[in-house]
1. Which distance in nm do the two modelled labels at D154 and R194 give, with both placed 7 Å along the Cα-to-Cβ direction?
2. In the neighborhood of V83, defined by Cβ-to-Cβ distances under 11 Å, what is the net charge if each Lys or Arg adds +1 and each Asp or Glu adds -1?
3. If you compute Cα extents along the principal axes in Å for the structure shown, which of (1) 48, 43, 33; (2) 44, 42, 32; (3) 69, 42, 39 do you land on?
4. Viscosity 0.692 mPa s, temperature 37 °C: give me the Stokes-Einstein translational D for the range 92-195 in µm²/s, with Rh taken as the Kirkwood radius over C-alpha pairs.
5. Kindly flag which residue pairs out of K171/K192; K121/K171; K171/K193; K25/K64 have an alpha-carbon separation exceeding 19 Å in this structure.
6. Which value in deg cm²/dmol, rounded to the nearest 500, describes the helix-derived mean residue ellipticity at 222 nm for the chain, given -39,500 (n - 2.57) per DSSP H run of n ≥ 4 and division by the residue count?
7. Could you give the length gained on full extension between F17 and E181, defined as 0.36 nm per residue of separation minus the Cα-Cα distance, in nm?
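Since every read-out is calculated from the coordinates, none of them should be taken as a lab result. Predicted model only: the values in this text are computed from it and were never measured. Cβ: placed from backbone, ideal geometry, glycine included. Neighbour counts: every protein chain shown.
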Amino acid sequence: MNLPFAESAEQNKAVIFEAIKACLKGDVLEIGSGTGQHAVFFSSQLPEIVWQTSDLPANLPGIKARIKASGLQNLAAPIELDVLGNWPDRLYDFIYTANSFHIMNKTMVANCIEGVGRCLKPGGVFAVYGPFNYDGAYTSESNARFDQMLKSRDADSGIRDYEWIEELAGKVRLDLFEDVEMPTNNRCLIWKKRT
């Protein structure tokens with residue numbers, strides 16, 4: 001099969017890796033692995049980590065094919081993960097998701113953060129990449145247009161407010177320690193779970 005491919009993932013993988021590599025360690029869970037491009041790139045850079053990809057059933061064959069083609073030994077076979085339901089029955093050192101919160105509805109985002117709270121080890125790190133609003137305002141004209149496009153396709157999707165995400169994170173004992181400005185008006189938000 002042709003491997004799934006996203007141009008945006010190809011363009012942003014190196015800058016995201018730079019933002020998270022200092023705290024990327026141990027057993028990693030990626031929520032919404034999509035094409036698997038980030039998983040393969042990050043795992044190739046740090047052979048000491050064990051990266052667990054996950055997604056909805058429709059995306060698993062493509063992820064599996066990309067992992068097989070990579071030949072990497074530190075990439076586990078993808079697992080099914082629906083943020084509204086089935087979560088792994090284990091703990092991780094690091095949990096990562098990219099470009100996912102703005103395509104989820106609010107219930108899914110809240111459930112995702114609750115799930116992270118259950119699956120992250122004390123002292124573990126949660127990193128989220130994507131666009132966010134601050135003080136209820138867009139950070140750029142392009143983000144405003146992107147948000148309108150998202151809502152035209154699905155009224156329940158859209159760029160989320162940083163303050164709301166931070167409130168949800170606090171409820172599951174996650175403390176923000178980095179908010180990294182990224183290219184193309186994105187952010188990388190990084191939390192650590194209290195011990």
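1. The answer from the label model is 3.3 nm.
2. -3
3. (2)
4. Numbers: Rh = 13.9 Å.
Stokes-Einstein gives a translational diffusion coefficient of 237 µm²/s.
5. On the way: K171/K192 13 Å; K121/K171 15 Å; K171/K193 11 Å; K25/K64 22 Å.
Beyond 19 Å: K25/K64.
6. Details: 6 runs with 71 residues, N = 195.
For the chain, the value works out to -11500 deg cm²/dmol.
7. On the way: separation 164, 0.36 × 164 = 59.04 nm, distance 1.33 nm.
Here the segment from F17 to E181 would lengthen by 57.7 nm.
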